[in-house]
1. Can you tell which of Val82, Val69, Val38 is within 11 Å of Gly18 (Cα to Cα) and either touching a Cys at 6+ places or on another chain (Cβ under 6 Å) or buried (at least 19 other Cβ atoms within 10 Å of the Cβ) (or both)?
2. Give me a count of the residues in segment 121-157 that are in contact with a Cys (Cβ under 9 Å, 6 or more places away or on another chain) and either exposed (fewer than 13 other Cβ atoms within 10 Å of the Cβ) or not aliphatic (A, V, I, L, M) (or both).
3. Answer yes if at least one residue in segment 153-161 is more than 19 Å from Val38 (Cα to Cα), part of a helix (DSSP H, G or I), at pLDDT below 85 and of a type in the set (S, T, N, Q), and no otherwise.
4. From the list Trp91, Trp83, exactly one residue is at pLDDT 90 or above, hydrophobic (A, V, I, L, M, F, W, C) and more than 14 Å from the chain's Cα centre (by Cα). Which is it?
5. Only one residue in Ala161, Ala111 is closer than 22 Å to Arg43 by Cβ, without any contact (Cβ under 8 Å) to a residue 60 or more places away in the chain and over 14 Å from the mean Cα position of the chain (by Cα), so which one is that?
6. Which residue is farthest from the chain's Cα centre (by Cα), if the candidates are limited to segment 181-202 and must be surrounded by fewer than 12 Cβ atoms within 10 Å (Cβ to Cβ) and at pLDDT 80 or above?
7. Only one of (1) in a helix (DSSP H, G or I); (2) at pLDDT 80 or above; (3) not assigned by TED's automatic domain parsing to the domain that holds Ile17 is not met by Ala208, so which one is it?
8. Answer yes or no as to whether Arg103 is exposed (fewer than 15 other Cβ atoms within 10 Å of the Cβ), in a loop (DSSP other than H, G, I, E, B) and among the charged types (D, E, K, R).
Amino acid sequence: MKRWQQKCDAQKRIWIIGGSSGIGLCLVSLWLQQGFFVAVSSRNACKNEALSALASQYPNKIFCVDVDVSNQADLQKASDSVWQLWGGIDWCMYNAGAYEVMRFDRWNSEAFVRMNETNYMGAVRFSTLVAPKMRLAFGIQVQVINHGFVKTRLTAKNNFAMPQLMSPEVAAQYIFDALVRSYRFELYFPFALRTFLRFLSIIPNTLALKITKKML
């Protein structure tokens with residue numbers, strides 16, 4: 001989510017939820033290298049060693065604030081802190097994620113609740129807080145990022161082959177470049193995997209299931 005038609009200037013103020021590891025951490029580093037001001041939130045952002053190292057390298061450019069996305073009051077407090085710090089935000093990114101591997105015959109309802117709270121409801125809570133502030137001040141542009149398999153602590157749980165698996169550094173660089181140059185609603189990569197998934201969506205389900213079963 002970003003200010004409508006805003007130029008990519010060195011005074012950009014960014015708030016990312018989920019920036020303590022993986023793609024999020026790599027994006028934080030790229031933004032700081034460009035001179036942007038970056039607020040980083042996660043459950044333990046303030047105690048994260050990698051973020052502390054970046055704070056030493058880029059003093060007065062990075063602000064860490066712990067937040068639990070399942071807690072509305074916690075998000076409100078974090079939002080107020082970030083807005084008061086810089087008087088507003090130009091870009092907001094929700095990058096928090098939870099993932100548990102489960103077989104269809106071994107579903108865990110508690111794991112589903114955790115994933116829903118983080119991946120969906122957390123994004124809803126975050127958006128309901130920041131969207132009105134940004135829309136009132138500037139107008140907003142909402143973008144959705146759909147990427148392929150990235151080597152992180154979450155995908156490390158998978159026990160199947162992940163086509164076109166990429167490093168978080170590569171994924172972050174693509175996202176960084178795409179956000180700067182594009183105002184499309186959906187940003188997706190890699191192209192080959194995206195094309196294959198679209199192909200699966202238009203063929204009969206029985207055929208699609210046979211193809212994916214062979215891949216697994």
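The values are calculated or read from the model by the stated rules, or taken from the named source; none is laboratory data. Quick caveat: nothing in here was measured; it's all calculated off a predicted structure. Every residue, glycine as well, gets a Cβ built from its backbone with ideal geometry; the counts of neighbours run over all protein chains shown.
1. Working: Val82 fails: within 11 Å of Gly18 (Cα to Cα); Val38 fails: within 11 Å of Gly18 (Cα to Cα).
The unique qualifying residue is Val69.
2. Total meeting the criteria: 2.
3. no
4. Within the list Trp91, Trp83, the selection yields Trp83.
5. Exactly one residue qualifies, and that residue is Ala111.
6. Checking each candidate, the answer is Ile202.
7. Result: Ala208 passes all but (2).
8. On the way: exposed (fewer than 15 other Cβ atoms within 10 Å of the Cβ): yes; in a loop (DSSP other than H, G, I, E, B): yes; among the charged types (D, E, K, R): yes.
The answer is yes for Arg103.
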